[in-house]
1. Number of Lys pairs in the protein assembly as shown with C-alpha atoms less than 13 angstrom apart, excluding same-chain neighbours closer than eight positions?
2. Taking the Cα centre of chain B as origin and charging only Cβ (+1 Lys, Arg; -1 Asp, Glu), how large is the dipole, in debye to the nearest 20?
3. With a 10 Å cut-off between alpha carbons and a GNM built on chain A, which of A:THR45, A:THR124, A:THR409 moves the most?
4. Let me have the 222 nm mean residue ellipticity of the protein assembly as shown computed from DSSP H runs of 4+ only, each contributing -39500 (n - 2.57), with the sum over all residues rounded to the nearest 500.
5. Along each principal axis of its Cα atoms, how long is the range B:50-163 end to end? Whole angstroms, biggest number first, please.
6. May I ask you to work out the translational diffusion coefficient for the range A:107-205 at 10 °C, viscosity 1.306 mPa s, via Stokes-Einstein with Rh from the Kirkwood sum over Cα pairs, reported in whole µm²/s?
7. What FRET efficiency comes out for the pair A:GLN177/A:GLU93, r = Cβ-Cβ distance, R0 = 22 Å, nearest 0.05?
8. At what distance in angstrom do the alpha carbon centres of the range B:101-117 and the range A:223-297 lie from each other?
Amino acid sequence: MSDTAKTTASPQRAGAMSLTLGPWIVAALLLLVLPFIFDNNSSITIMNQMWITVIFALAYNMLLGQGGMLSFGHAVYMGMGGFLCMHVMNYVEDFGIALPLPVLPLFGGLFGMGFAMLIGAISTSGAGTRFAMISLGVGELVAACSVIIVAFFGGEEGISGDRTYGLPFFGIEFLKQIEVYYLISFWLMLSAALMYLFSRTPVGRMANAVRDNPERAQFLGYSSRWVRFYSFMASGFFCGIAGGLFAINYEILTEENLNTSSSGIILLVTFLGGVGFFFGPIIGAIAFTLLQTVLSLKTELWAFYAGALFLATVMYFPGGLAGLIMMHVPAFKFRNAGKLVMPYVKTLIPGLITVLGIAALVEMIFHYRHASVGDDEMTIFWTTFDSHSVVPWVIVTVITAIASYITKTTAPDLKEAWGDANTPPTTGGDA
Amino acid sequence: MELVLVNLIDGLVTGLLLFMLSAGLTLIFSMMGVLNFAHASFYMLGAYFAFQISLALGFWMGLLIAPIIVGVLGAGVERYGLRRVHQYGHVPELIFTFGLALLIEELVQFLWGKNQMAYNIPDVLNFTAFAIAGNSIPAYKIFMIFISVAIFIGLLYVLTRTRVGMIIQAALNYPKTVEALGHNVPLIFMGVFGVGTALAGVAGVIAGPVLGTFPGMAFVLGSIVFVTIVIGGLGSLWGALVASLLIGWITTFAKSYNLAMSDVLNAIGIATPENLADNVFRDLWTVTSPQIADILPYILMVLILIFRPYGLLGNRDA
């Protein structure tokens, strides 16, 4: 694990073309085994959504993390691929063409790539504000067109199809959710591997160079514009594949797949996971989908928490979750990780209680302000109480205050332990 | 002909409203080099605060107090948020403001709910100022025009004629030199951010009663404001004014004159195909100008970015 980490972790260090197969085999095995562990339909649905988001986020990170281009309209490429796949699916159904379903995402990918070439031709001449603004403009344009051009986008109700009408693929008709799961998993492994390999090619390496210093890359004889264009094209291709899988999984595509909020969400997912590492978006997509599906069942305010988490990530951990994990690599390398366990327990448990306490207060305020008249009872953390009486407010406030006080007093110890764990051992060691 | 005059006034109101937002945004851009995605969110906060204050103290106190609160909040965001993120580079800054916009929208929904607030035009201004050929012009629109023009003149005066304005302009271009001359540049930046967001707050206060005070109001106007300053030229105050008026008039005229695409194409000599219902481009043929009025600014922006990347009045090297 730490080997891959080393090669993906330092974008500055070129070379290192060697690949470690270990993590990939583990990932493939996990994908195979997961549906046997979580075998009810709803968890398979969640996993399908998760893997599609993973492909999309990885494709997005080809631009943001590896190419330094911030796109505000990336849902367009996924949506375009998805819409085309849906049309192909309906076409196959109407004319009975021998086209097995598993190759369908390829069409989405090619269409996404074609559209990305069209837009990339004008937008990739710069990376900064200009690129971001063109992506925003194109995103808004396409989203607005989806309501106007009914023939392709189906207007407000979108377009839908039926995945089971194509040719059976070795006897599989993709009627069951689990069959779709393995189809998505196959494409996930394939696209993730291809995207990883892309980041190892000279073009992928040059994308990093252009991100860090476009002028210097130009002096070395590379056109930064073409390098950006190739990244953009490749990203469009994988977005289109994600779109095709979306079409297969949900069998419906609407304007919602193209609009700015979808583009915003993928930015959030990618940044939350960490843009500096190849595996960052994977973590981000898994964490965000879980947050979205699990938290939205529990509370109406899940988007509020997601926004707060996102802002906290930008402010305190710009490396994202992946960055947070990779911070611990030196401690493990120095065999000092054990020193961190106790300080972590001492600080993080009260910290967690503080966060939960604040969340409880937020929920109580929300209930107090918005619950219908007479509905005074609310349930939070498996406790039911009257939100209009004083006692629960006092209890929650006191618990939160105490927990935050403990967090504050133990934080310096954690900092010290952190510094201690990251100092190389004096005798021997490979530092 | 009378309709043209009415549309000119309507477009002027929209344009000046856009200008109040884009003026602050373009100042903030020339200062930090980063677009503030949350700018329209401060506009929304202005409307909500003014609504809350107007319940207790009336519209005029809202107009006075709400922008100040918004400005203080904005300055706080710069001091405790952006300044911290600044060390990580431009992209995290942009992402920070993007996240802030999301959070403010959620916060507003959390505090005030999802419904539109009953924030109305004050009774003093709720009458018809004059009528042009049967089309009545409400006094509130005239009031909006006056407020925005007054703010523009005030801003221009402060920036170009006063000592404070001179220091601000210098600090925008040469922060290091200004700092070496003994001025507190971080404080200036915080002040500019605060004033810029307060301007957005004013826009929110006066637009709230007309355009509606609801959680989506920032989203509706948000991206149009970026489009405005990109078209005008990033960092250019005059450019922001020109672009705001241009967008205001284009969208207003496109909405009130029902121009069909088939008429335009016929006029330039392309005949309508025989059986339109089977044609691949049938949707293109039936497009009308009110349908595309809201996306015209985006088309304009993409065209500007292709042919004149630095905007109408922007600096080539900006």
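Here, each number is a calculation from the coordinates, and none is a lab measurement. Predicted, not measured: the structure shown is a model, and the values here were computed from it. Here Cβ is always computed from backbone atoms with ideal geometry, including for glycine, and neighbour counts include all displayed protein chains.
1. Count of close lysine pairs: 4.
2. Using only the charged Cβ atoms, the result is roughly 920 debye.
3. For chain A, modelled as a Gaussian network with Cα springs under 10 Å, the answer is A:THR409.
4. Helix contribution divided over all residues of the protein assembly as shown: -23000 deg cm²/dmol.
5. 58, 44, 30
6. Working: Rh = 17.2 Å.
Estimated via Stokes-Einstein, D reaches 93 µm²/s.
7. Values: r = 20 Å, r/R0 = 0.92.
Computed FRET efficiency for A:GLN177 and A:GLU93: 0.65.
8. 26 Å
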